[in-house]
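For reference, the structure is listed below as structure tokens.
Readers should treat all values here as calculations from the given coordinates under stated rules, not as data from a laboratory. Bear in mind that the values here come from a model prediction, so they are computed numbers and not experimental data. Every residue, glycine among them, receives a Cβ derived from its backbone with ideal geometry; neighbour counts consider all protein chains shown.
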Amino acid sequence: MKSTDQESAVPRSDGNDTASSIGSEGVVLQTGVQRVEAVAKTWTRKALYVAYAGIFLMAFCTSVDIQVTSLLAFYATSSFSSHSLLSTAGVVGSVLTAVVQPPMAKIADVFGRTEAFAISMLLYILGYIQMAASKNISTYASAQIFYAAGSTGLRILQQIFIADTSDLLNRALLSSLPDTPFLITVWVGPEIARHFTTGPWRWGYAMWTIITPVLSLPLFISLWINQRKAAKAGLLPQYPWKSQGVANFLKSLWTELDIMGVFLLVAAFSLLLVPLTLGGQAVGKWKNPSIIAAIAIGGVCLILFPLWEMWKRAAPTPLLTLRLLKNRTVIAGCVLGFFYFMAYYLSLQPYFYSYLMVARNTGSVAAGHITLTFSFAATVSSVIISLVIKYTKRYKYYMIGGIIIYMLGIGLMLRYRNIDSSNAQVIWTQIIVGIGGGMLNVPAQLGVQASSLHQEVAAATALFLTIVSIGGAVGSAVSGAIWSYNIQNKLMLYLPEAAKVNMTMIYGSAVMATSYPMGSPERTAIIRSYDETMRILLIVAVCVCIPMLPAGLCMTNHKLDKVDQRVEGVVFGSSGKKDTKGESGAEEVVEGR
């Protein structure tokens, strides 16, 4: 039986729906959440299995996509003689990845999960079309807007769907499902990328505009069919603005999507982080009035954002609820995620692949395999730790262990960074860092979700992933500034006099840097420049890891089988009451209490 306050959250189809209703504990349920709870009542186990198979197919496709395109960026930026701007493109992507997640979660809450998936897929396709057609670094970087919005939307919506259809004991394991394809694709990606590195690298981007939509069809069809079933059963609430006219529709969207909050968040981090990278590209750029103005305006937007979010009259449905921002576990989890990804982008991305290619003279395939070893180890680690969480019903202690292992791994990267170390030693450091990353990332997200109600799960997940992505953006920005400043100065210091006229070209193209034979004075100077700069990046990464431990210790160690998020409908798991049958009468379901 459902309690009285839960009954108020059940969507009604009496024609008087509003944009949101009041659920349990006075939390506002927006139309999209009402719709997903209505659809959940029509799921059968078989339908859920099909949907999860669709998620796996989509995840498999996007994981190959990431493996291939992350390596192609090396060649794409070099073809524009802009390899040093690799981190700038990365910052643009990271900033957009960060700021897109709250509005995408908001779209899912306002319009529904199926509709948000469709919007994300369209943006994803547009991004890759523009990347494949780009003729310069500006067009390539601007394509990140569509790609980051689309790919990030697909990833966060996978996590939101999993949170909608699983209990907390099984959520860690199911949340790892989109990562499991990395066990295979980590080895396949570099092989595929190799076919596009010697010439038509543009096709390495273009092919995903066809492959990804096709492999995503099982998930889309499953969601669409069950949404139709909910509509026919009279459970699906209608959008309240359908008959209100254009003016009221736009007014509703303004408040429901919190468009001003989205604008302030995008402006704040874009104007703060992108100039940080650009400022290091050349001597004197920090004095550029445009860069100073951008940072100043970004700082103002960052101050205005929380003030706007707390203004209930102007932002009745804010991106981030005040209840979440007051929760110690949520804040600590976000701080942990921020420094975790910041350290990652100072050590493993975006220049580690270039360092392997230029300083260690590994081939493109070998460099790709070494770089992607982290993904493989992190995936294995996250799946194993998710199983342990399922049976022990706790998460915190494993997360603390992961933090310590992650810090150890980055320290060992610093120790075995020099060119005298063997490839085996370098690979082992990647395995250790990956194990630590897998042990801490999934439990941290689970802890944040466990501290929120069902209406807040999308916002809490988006908040965590947003802060993680912002950490990555900050890491990319800092690494870009460090790399650009140091590589230029060190090349001018170490290159033979005759080669200094080519410094700009060597700095701008890692492909040209590798064209000098090993043992030549030029290549020796280049290797020394790369090696010393990488050392600085890793020292900063080690320092950045330090705040992770106190943040992890501050998180509440929830007993997961005792946490009730009031999830409606059919879910995977054993918590809750097993008291009804599925739509066909043959399926056992779990009803959120």
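A few comments on the model shown:
- Förster-model FRET efficiency, 45 Å R0, Tyr416 and Thr209, C-beta, rounded to 0.05: 0.65
- A convex hull fitted to the Cα coordinates of the range 389-498 yields 127 cubic angstrom per residue.
- Volume per residue for the range 497-537 equals 73 cubic angstrom (convex hull of Cα atoms).
- Backbone amide hydrogens, once placed in the peptide plane, bring Trp43 within less than 5 Å of Val570, excluding anything fewer than 5 places away on its chain.
- Residues Thr524 and Glu191, FRET efficiency given R0 of 30 Å [Cβ-Cβ distance, rounded to 0.05]: 0.45
- Alpha-carbon centroid distance for the pair the range 511-564 / the range 332-352, whole angstrom: 8
- Computed from Cα atoms alone, the Kirkwood hydrodynamic radius reported for the range 295-397 is 17.9 Å.
- A simple spin-label model places pseudo-atoms 7 Å from Cα toward Cβ; at Cys543 and Thr504 they are separated by 3.2 nm.
- Across the cross-link table entries Lys326/Lys396; Lys229/Lys559; Lys41/Lys562; Lys41/Lys106; Lys135/Lys500, which are compared at the Cα atoms, the separations over 25 Å belong to Lys229/Lys559; Lys135/Lys500.
- Spherically averaged projected area in nm², based on the convex hull that wraps the Cα atoms of the range 116-167: 3.4
- Our analysis of the range 479-555 gives Rg over Rh at 1.19, with the two radii drawn from alpha carbon positions and Rh computed by the Kirkwood formula.
- Near the amide H of Ser166, within less than 5 Å, lie the amide hydrogens of Phe572, all on another chain or at least 5 residues away, with H placed in the peptide plane.
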